[in-house]
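Visitor: Let me give you the structure first, and then I'll get to my questions.
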Amino acid sequence: RHHEMQVDIGRYPTFTRYVKEDMAKETYHFVDYVMRKNLNIGNLIHSDFVMVNQNLAEFYGINGVVGTDFRAVSVKGMDRGGLLTQGSFLSGHSDGRHAHPIKRAVWMMERILGESPPPPPPNVPGLEQKEKDARLTIAQQLAVHRENVSCRNCHQKLDPYGLIFEDYNGAGLLNGTAGKNPDTRASLPDGTVVDGVAGMKAHILKSQRKGFTRSLVEHLLVYALGRDMSFVDEPEIQRIVAAVTRGGSTLQVVIEEIVQSPLFLQERTVELGKKEDGSGSTIGRQEK
């Protein structure tokens, strides 16, 4: 999404193509740093550092960073850190001009929490800011949208996960000071009230850590195996999640458990067999 998104540079003149490129590099270097330093996967939700170079640091308003190399920079008290406040996610899940709470909410639910957001009902128009609604905040527009019976059930579950990001605009920059916008105070489907991204981060790390761990494991398994997970994979997924927790919940442990999993080893054995006999069928000799 970040690669394809065309941010309105008339609205955000500091969002250059170099900033866009560096945002993608930021995410890569951040995850790479967490893995190489064997840090807890909770850092993917919130960290007290970011990985930036001078160009991206200036865009974010972070002082004291000189040079083109990416490095870990402390951001304590700066409303940055972790994946949820990175520009690649925030600008990629916008419409190029405004923040897009629904796109951000779907990403949060699917990728971070491992939940399936409800699909929109057929023949229901998307959320568009009409001229008569120009004075309404996005939270008020969504409240109007929920008055439609066909939209209510879906948006009651989705909206809170998107509204928490309203402090960050379509380019991924803070709109003033985080926590000052009442629209970012949201009541989650389970009744938990969170204040903005900071509140959501704290909620995930305190109450949804297992769900996040499972989501990370599942998505990495899908990537590693090249297929979706099914109910027959459930016991192994649970085993990996438990092993990751026992092993300190570091990103290295996650990777190690996945590549040593029977699911991964069997998949690789099948692929090796297909390559060796050239027929697409599995041969008798197995290799790991």
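The values are calculated or read from the model by the stated rules, or taken from the named source; none is laboratory data. It should be emphasised that the depicted structure is a prediction, and the values quoted were computed from it without experimental measurement. Every residue, glycine among them, receives a Cβ derived from its backbone with ideal geometry; neighbour counts consider all protein chains shown. Remember, those area values only see protein heavy atoms, side chains included, never the ligands or the DNA or RNA. Shrake-Rupley method; radii C 1.70, N 1.55, O 1.52, S 1.80 Å.
Visitor: One residue is enough: does region 43-65 have a residue meeting the conditions in contact (Cβ under 8 Å) with a residue 60 or more places away in the chain, over 22 Å from Gly196 (Cα atoms) and out of contact with any Ser or Thr (no Cβ under 8 Å at 6 or more places or on another chain)?
Guide: Within region 43-65 (the criterion being in contact (Cβ under 8 Å) with a residue 60 or more places away in the chain, over 22 Å from Gly196 (Cα atoms) and out of contact with any Ser or Thr (no Cβ under 8 Å at 6 or more places or on another chain)), the answer is no, since none of the residues qualifies.
Visitor: In addition: Taking the conditions exactly as written (closer than 30 Å to Thr245 by Cβ, of a type in the set (Gly, Ala, Ser) and touching a residue at least 40 places away in the same chain (Cβ under 8 Å)), does Ser88 satisfy them or not?
Guide: Considered against the rule, which asks whether it is closer than 30 Å to Thr245 by Cβ, of a type in the set (Gly, Ala, Ser) and touching a residue at least 40 places away in the same chain (Cβ under 8 Å), Ser88 comes out as yes.
Visitor: Considering only residues that are assigned to a loop (DSSP other than H, G, I, E, B) and out of contact with any Ser or Thr (no Cβ under 9 Å at 6 or more places or on another chain), look in region 13-28 and name the one that is surrounded by the most Cβ atoms within 10 Å (Cβ to Cβ).
Guide: Among those residues, the one meeting the criterion is Thr16.
Visitor: Ok, one more. Look through Val73, Val66, Val31 and report the one residue that is among the β-branched types (Val, Ile, Thr), modelled with pLDDT of 95 or more and open to solvent by 60 Å² or more (accessible area, probe 1.4 Å).
Guide: Being among the β-branched types (Val, Ile, Thr), modelled with pLDDT of 95 or more and open to solvent by 60 Å² or more (accessible area, probe 1.4 Å) holds for just one of Val73, Val66, Val31, which is Val66.
Visitor: Please find, within region 76-88, the residue that is nearest to the chain's Cα centre (by Cα) out of those that are open to solvent by 20 Å² or more (accessible area, probe 1.4 Å) and at pLDDT 95 or above.
Guide: Per the stated criteria, the residue is Leu83.
Visitor: Just name the residue that is nearest to Gln252 (Cα to Cα) out of those in region 187-232 that are among the basic types (Lys, Arg) and part of a helix (DSSP H, G or I).
Guide: Arg214
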